[in-house]
Every structure is written in structure tokens, then in C-alpha cells.
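Below you'll find the structure, written out as C-alpha cells, and then a few comments.
The values are calculated or read from the model by the stated rules, or taken from the named source; none is laboratory data. Predicted model only: the values in this text are computed from it and were never measured. In this analysis, Cβ positions are derived from the backbone assuming ideal geometry, glycine residues included, and neighbour counts consider all displayed protein chains. The accessibility values were calculated without ligands, DNA or RNA, using every heavy atom of the protein model including side chains. Shrake-Rupley method; radii C 1.70, N 1.55, O 1.52, S 1.80 Å.
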Amino acid sequence: MITDPLFYLVAIPAVVMIGLSKGGFGGTGALIGVPLMAIAVDPVTAAGVLLPILVVMDVIGLVAWRGNFDRGVVLTMLPAAALGVLAGYLTASSVSEDAFRMTIGLLTLWFFANWFFGEQRRARAARPQQPVKGAFWGAAAGFASFVSHAGGPPYQVYVVPLKIAPPVYAGTSVIFFAAVNAMKLVPYFLLGQFSHDNLATSAALLPLAPIATLAGVWLVRRTETVLFYKIIYWLLLPIGLKLVYDGATALL
């Protein structure tokens, strides 16, 4: 079990942020988990510790948001996400995680800037479903989720402009990422990321999972729609900056 106090100093807020996200409040919050924990441990260990906690949060979210989901989003994105997870497993030994983290960070900042400076900042009609785009971003989300649990921005590039109601958005997100995380269990095991130390550390952090996830559910049900999406967009800025900084400093 990891005993470094610095690890828990960053891991506890990371798990709380992820739990709020898993409850449906600000879906990009899950992105911060691996980068925060990577301050104290290597990113591979951080991802291995987080996955069992994510699965427990997914179960809670599925119960809390049962019956609330967009069937079109799930059917369009989830099969493609499975291909993304498979690609992540097959390329696990050759992909530079730092380069990929920086790429995801740049994508996150682009999405924020597109909203902040463009038409998305103003009240505009919801975009219609686009299956080809949905499949592309679904595959990207699956791959990013496998590499560093960073599937939030690719997922949101497609889903947020649809402007579905917050409870439906939350329920759809929970179903999508619960399925993706379930797909990752066997590959993570085969890659040796479920060591005894990692699992013991996951167990120590696990009591935070239901508290933070249910808090996220509570916040979504009491947040007005426009404010809800503003919070999601503004969360992208610090997270994108963090990912770019981590990736760039590691590569330089």
C-alpha cells in the first residue's frame, strides 16, 4: 500500500473531484484525477489505483441516474469507444503518455476557446445527432480513457453541443463511462496494473467514492441548466492547462 503522505494529499481531492464528476456534475472533473495523483506517483500507478474506484462510482451513478439517458448517443458512441479501448491496449507499450496527455490538454483548451469566443457562448439551437462524428469522438474517448482516464473532453466535444437536459446528460455520461471502464478491467489486469499495493491503496480511498458521487448527483438535480453547462465549460480551462503543462514539462 502506498504510504507517502504527499500521495494522499493529492489523491483525496482527486477522488472527490472524480466522484462529483461521476455523479454527473461537471463531467470533465474526472480528468484531473491522474494528473493530480501523478504529482506523487507515476501515471501508470495512478491509473491502476483509480480504476477500481471508478468502477464503484459507476455502479452508484447507474443506480442514481437509472432511466435517464440519450439512446442515440449511447448507440453511436459506445461501439466506437470499444475500438478505442482495444487500440489503447494494443499500443500501450508504444504510446508516449506525456505526449498524449498534452494532446488531450490542447483539445480541451480548443473546446473551451471555441465556446468562449464563438457561437456556443451565445444561446443557440442544440446541434442534431451526427453518427459519423459521434463514432469518431467515441473512439477518441475510449482511447483517451484507456491511456489516462481522460475520455471526458472527446466525449464532451460531441455531447455537450447537443444540449440535452442535465439529468439526461448525467445519466448518458454514467452509462458511457461505466461501460468503457468495464471494458478496461481485463486489459489493465493483463498489463499488471492491479498489483497488491495498488489494490490496497484503492481500498483505502474507496470510502470517499459513494460520498463524492452522491454529492455530484445532488448538485446536478439542484443546478439550473444554463449554469450547469457554464460550469462544465469553465472546468475545461484549468484542466486543459494542467494537462498541457504536465505533458510539455515531461517532454522538454
Anything in region 106-134 that is open to solvent by 70 Å² or more (accessible area, probe 1.4 Å), assigned to a helix (DSSP H, G or I), in contact with a helix residue (DSSP H, G or I) (Cβ under 7 Å, 6 or more places away or on another chain) and modelled with pLDDT of 75 or more? List them, or say none. L106, P131, K133
Does A170 fit the bill of being among the small types (G, A, S) and at pLDDT 85 or above? no
Looking for something part of a helix (DSSP H, G or I), surrounded by 15 or more Cβ atoms within 10 Å (Cβ to Cβ) and of a type in the set (F, W, Y) - is there at least one such residue anywhere in region 190-197? no
Scanning region 75-105 residue by residue, those under 18 Å from the mean Cα position of the chain (by Cα) and either part of a loop (DSSP other than H, G, I, E, B) or among the aromatic types (F, W, Y) (or both) turn out to be Y89, F100
Restricting attention to region 34-63, which residues are closer than 17 Å to A215 by Cα, open to solvent by less than 20 Å² (accessible area, probe 1.4 Å) and not charged (D, E, K, R)? I53, L54, M57, G61
If the Cβ limit is 6 Å and pairs must be 6+ apart or interchain, which residue in region 143-160 that is among the charged types (D, E, K, R) pairs with which residue that is open to solvent by less than 10 Å² (accessible area, probe 1.4 Å)? none
Residue list for region 64-91, filter: of a type in the set (V, I, T) and open to solvent by 40 Å² or more (accessible area, probe 1.4 Å): T91
Any chance region 188-195 includes a residue that's in contact with a helix residue (DSSP H, G or I) (Cβ under 7 Å, 6 or more places away or on another chain) and more than 24 Å from L86 (Cα to Cα)? no
Exactly one of (1) modelled with pLDDT under 80; (2) part of a helix (DSSP H, G or I) is unmet by A141. Its number? (1)
Does region 231-248 contain at least one residue that is assigned to a helix (DSSP H, G or I), open to solvent by 10 Å² or more (accessible area, probe 1.4 Å), aromatic (F, W, Y) and modelled with pLDDT of 80 or more? yes
